[in-house]
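Have a look at the structure below, then the notes.
What follows is calculated from the coordinates using simple rules that are stated; it is not laboratory data. This one's a predicted model, so the numbers in the text were calculated from it and none came from an experiment. Here the Cβ positions follow ideal geometry from the backbone for every residue, glycine too, while neighbour counts run over all protein chains shown.
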There are 8 protein chains.
Amino acid sequence: MKVGILFGSRSDTDRMKGAARCLEEFDIPWEAHVLSAHRIPDELEKELARMQADGVKVFICGAGLAAHLPGVVASKTILPVIGVPISAKVNGLDALYSIVQMPKPIPVACVGIDNAYNAGMLAVQMLALGNDDLSRRLDEWRQKMRADFITDNGGGVDL
Amino acid sequence: MKVGILFGSRSDTDRMKGAARCLEEFDIPWEAHVLSAHRIPDELEKELARMQADGVKVFICGAGLAAHLPGVVASKTILPVIGVPISAKVNGLDALYSIVQMPKPIPVACVGIDNAYNAGMLAVQMLALGNDDLSRRLDEWRQKMRADFITDNGGGVDL
Amino acid sequence: MKVGILFGSRSDTDRMKGAARCLEEFDIPWEAHVLSAHRIPDELEKELARMQADGVKVFICGAGLAAHLPGVVASKTILPVIGVPISAKVNGLDALYSIVQMPKPIPVACVGIDNAYNAGMLAVQMLALGNDDLSRRLDEWRQKMRADFITDNGGGVDL
Amino acid sequence: MKVGILFGSRSDTDRMKGAARCLEEFDIPWEAHVLSAHRIPDELEKELARMQADGVKVFICGAGLAAHLPGVVASKTILPVIGVPISAKVNGLDALYSIVQMPKPIPVACVGIDNAYNAGMLAVQMLALGNDDLSRRLDEWRQKMRADFITDNGGGVDL
Amino acid sequence: MKVGILFGSRSDTDRMKGAARCLEEFDIPWEAHVLSAHRIPDELEKELARMQADGVKVFICGAGLAAHLPGVVASKTILPVIGVPISAKVNGLDALYSIVQMPKPIPVACVGIDNAYNAGMLAVQMLALGNDDLSRRLDEWRQKMRADFITDNGGGVDL
Amino acid sequence: MKVGILFGSRSDTDRMKGAARCLEEFDIPWEAHVLSAHRIPDELEKELARMQADGVKVFICGAGLAAHLPGVVASKTILPVIGVPISAKVNGLDALYSIVQMPKPIPVACVGIDNAYNAGMLAVQMLALGNDDLSRRLDEWRQKMRADFITDNGGGVDL
Amino acid sequence: MKVGILFGSRSDTDRMKGAARCLEEFDIPWEAHVLSAHRIPDELEKELARMQADGVKVFICGAGLAAHLPGVVASKTILPVIGVPISAKVNGLDALYSIVQMPKPIPVACVGIDNAYNAGMLAVQMLALGNDDLSRRLDEWRQKMRADFITDNGGGVDL
Amino acid sequence: MKVGILFGSRSDTDRMKGAARCLEEFDIPWEAHVLSAHRIPDELEKELARMQADGVKVFICGAGLAAHLPGVVASKTILPVIGVPISAKVNGLDALYSIVQMPKPIPVACVGIDNAYNAGMLAVQMLALGNDDLSRRLDEWRQKMRADFITDNGGGVDL
């Protein structure tokens, strides 16, 4: 059980870290690669096959501009693909539309602009579907998150 | 193994049918309910608990305008929640933003505007993660879809 | 007579100060809390009940991204709820839509993006409805504001 | 205790009916006028004074395009002003911005595009602040609305 | 023959300088004032009357957010009013819509976002309509501008 | 004293009628032509020269899509050019931007999307600058418009 | 010398006819196919190879929603690819962004939303680069278009 | 065989460098000029004629705001014109629309906002149509780009 994190340019590395940090909170192994839907379509296919053979169950794909990577990956696998729109121009709306508006019957599960952390969390939720231990840990994590939130924010704020 | 389809207004019924049709192609049972994040928050919570007890593993939530239902459901379950933005005003951008821009650490898996079919397909992909039979059938479905596409569209089009 | 100021993240503290400053110009007490529609839904409900018991008559809720907090609060109280869209992504349009486009029959009174001061003023206007003294002070404030504006800006500007 | 409903063009009459229907559910009297911020500024001022003398406590103003009416009314009264953006061009975004983005210190309480019903409800909530009977009836209305919603929508939907 | 330059906040002073600089290139006198459509509606009216008595023939009005000033001025004079949308939020689209979308029959002549210089030039063109000397100077200015452009930019650029 | 009404396609004829109707209310002669910035640039220039020789003092130019006609006309005359964005795609925003965002030092006076009537009125205001009789008639028209508005809309509306 | 016209769904057939009509005006042969970047990626590649072997020199690709087809084709050929955004949701902005915002170093030559005719014309211009006869015919076509425009539109329009 | 690079303001020089760099990778000569559709329409025409006489086969035109330069150039030549929207206001959407939405029958080949490099590459692709040597070099470049991408990005990334 592993998550594959893919993105189209080394310059997006910092934006994608949140996904890895989230997965590590749940001890879920990941591997990350810079791949390109347009530059190396054949290598992309080979890498996807290898990663699936190596136990990858969910893909997280970050992309900016005309962000085709998530959709192209989704067309080459039956595993769920989570897309992270990365903002570069027009506030990231180009990437958002290019990811979320995937036509029938190839969906991408889109999360918020630059929100790689939520992509990681969504992957955890998917993996927990068939994994009682992870499901239990996710439940505990949620409860701890709530308790921490109350501890951190209880008692009012001074404005 | 079941999918819960939720939406906020009976008038959205037609827009959500695609999700059910897709699930039926894979013999995945579903149940659908009109629920409201704002009108009946307590009943919402009870229904979510009951549905999970009845075997629901993934939620599909359709909503328009300030489309809070998917996010509110996501805050009350650790199961994956798929959001379908329904267009009513401003071309559905209000619903899209209200669903896809969920803040850390509660994601919603957003699909395209009015694209309930893709929400169904994404649910199938998630359920196939822990289910080899469904995974095999999804793979076959993809191959048949491809063959049908070629049969239907081979040989050129007259313009 | 008190105003409850709520927002979803400690990092929004600075953006919400304008509401407090405005209320203080009218000697209206306020209390502020970091609460979350999605992280701690149960605690949110308890806090709202407590605040109303403590005399809160109007809620001001600031939120960014998929800004559900104002709408969720509005669904749990019959008091007026004022929403402040906080800009984080897409120039704050995501928060604006998530707040202003609330469906029937649960309204939120939305003010401008990042304009917490106006939220405070709107709360003052609401509270003045049943309070002749406050109404008189608001009227005087408006007159003084006008006089100050003329004093500050009379006589032309050099460009 | 009365609500003044104002709008800029007789052609907007149908779009504003929701406000009156909502107020009537709570037996709150209203009067409606076609007034224009730009065509008859002096008459506008006189009408506002007369309406306030006649017991108007909240104004609901609907406007489309460069929708100045709500803001102009707000600048001439200390009563709360609720703005309804009416869609005519660019999906109503012109009216939304012209209403919600009012600068300091003159707020307008903006509701959703073409959502006059919610404007009525917001007026009810404001009037209930200083009126225990109305507050009680609003509370009962909410409970009945919830019960009706459950009656209407219980038991699942067929897709 | 004079141009009145009006804007709503002293903080917009720098953005409006271009209008004055352009008018000075044609020796057209101007006077500038910080006025507010919403804060001091009565004083606004008095100032407009005084300025017209002092020879103002065209108004240039800059405003941001819900930019009502140009439209309000236009409703109080039959002189042409030129509007300059000033960017503060949402890239200045709020101001653009609030100015350009003025309804029938009160137009505002809108120029580009933050483009006060072009507002000055448009005022020059209007004033030249009834003034042969200014018309001749404007024609010469255009020719000189063209010649300068060629001098400055002839011969290619190194990239 | 005449107004030249230009637009890029015969199919826009209906959208431009408002300009002619407005001018006729003030007995201002007009002539209208279908011209194209891109298809017949040389003929455009000749026509502009002829129209100016025939007494045209203001140009009104309607255009849709990448609406270059108003800006191209403005670059070829020192007379004021009024632009009418005509909606064809993306709600007319393409035409709005192509007209209103003209760079320094060639302005176009932009009015609202599809609002040819206001373009006519703006032309009247410009022509009235050097014409006391027209100025007086415009003033009377405004007063009559106000009186008519009050007659038509006095006494409240039934919702 | 031939043009390949590709689009993702048989339902887009009518929107793409303009490209064929334009090419036929210049006696340029074309062939059209319904292909899908996501459904049949392998077949897409084979068809592209076959078409290039059959003499296709330019590709015109129409697509809606997350319109990946033009970019995917561009990644698989060194021939120029012209993209036509087809409007289905959000006024076609999703398709526009998905096509025009292609990242370095794989461009798509994007034309206007639903403007397949212009895609055909751009293909003609590209093919004319290395073809003096076509270049001459294109030049004549332009001159005839201009003459026809003047014939059709000379003499003024009645409004 | 040469490419003409045109843009409207010396301040855009840096944004256009990418086009030159790309052309130099293929040893394609270029010349660049600051020209203006609106300021010097006659000189523009002369320069275009001279450049074509000097062997220019493709034009690349960068422009911001109401970006008319690419369309105006396209109306004056039958050579392909590539447009680069340059962002200055509203995230470059004004320039994008003004370029990509060119009406029938004068297309501009639009690339991404501020993406001059892709404009250069598109010019290379067009020139390669009638040039087997360039076509071969472009093919090799693509292969090397792919190999370099794999070399640079092989083996995974650390997040």
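Points to keep in mind about this one:
- Principal-axis tilt of helix B:116-128 within chain B, Cα atoms, nearest 10 degrees: 90 degrees
- In order along the range F:81-93, the phi-based Karplus estimate (6.51 cos²θ - 1.76 cosθ + 1.60, θ = phi - 60°) of 3J(HN,Hα) comes to 10, 9, x, 10, x, 9, 7, 9, 10, 5, 6, x, 5 Hz; Gly and Pro are listed as x.
- Charge dipole (Cα centre; +1 on Lys/Arg Cβ, -1 on Asp/Glu Cβ; no other charges) of the range D:1-158 amounts to roughly 380 debye.
- Residue of chain H with the smallest Cβ distance to the axis mapping H onto C, distance rounded to whole Å: H:Asn91, 5.
- Nearest-ten-degree value, helix D:41-53 long axis tilted from longest Cα axis of chain D: 50 degrees
- Pairs of lysines in the range F:5-159 whose Cα atoms sit within less than 26 Å of one another amount to 11, provided the residues are eight or more positions apart or on different chains.
- For the options B:Lys76, B:Lys144, B:Lys17, a Gaussian network treatment of chain B with springs between C-alpha atoms closer than 10 Å singles out B:Lys144 as fluctuating the most.
- The string of couplings for the range A:143-159 from the Karplus curve (6.51, -1.76, 1.60, θ = phi - 60°) is 5, 5, 4, 4, 4, 4, 4, 5, 4, 5, 10, x, x, x, 10, 8, 9 Hz, one whole number per residue in order, with x for Gly and Pro.
- Highest-fluctuation residue, H:Pro80, H:Pro107, H:Pro41 considered, GNM on chain H with Cα pairs under 10 Å: H:Pro41
- Most positive-pole-ward Cα, G:Gln52, G:Phe149, G:Pro103, against dipole of the range G:2-153 from beta carbon charges: G:Pro103
- Gaussian network model of chain D, Cα within-10 Å springs - most flexible of D:Leu69, D:Leu23, D:Leu129: D:Leu129
- Built amide H within the under 5 Å cut-off of E:Ile5, gap 5+: E:Glu31, E:Ala32, E:His33, E:Ile60
- C-alpha long axis of helix H:13-25 to longest principal axis of chain H, angle in °: 50 degrees
- Rg over Rh [alpha-carbon atoms, Kirkwood Rh] for the protein assembly as shown: 0.97
- Magnitude of the charge dipole, the protein assembly as shown, Cβ model with Lys/Arg +1 and Asp/Glu -1, debye to 20: 0 debye
- Computed over all pairs of different Cα atoms, the Kirkwood value for the hydrodynamic radius of the range C:2-153 is 15.7 Å.
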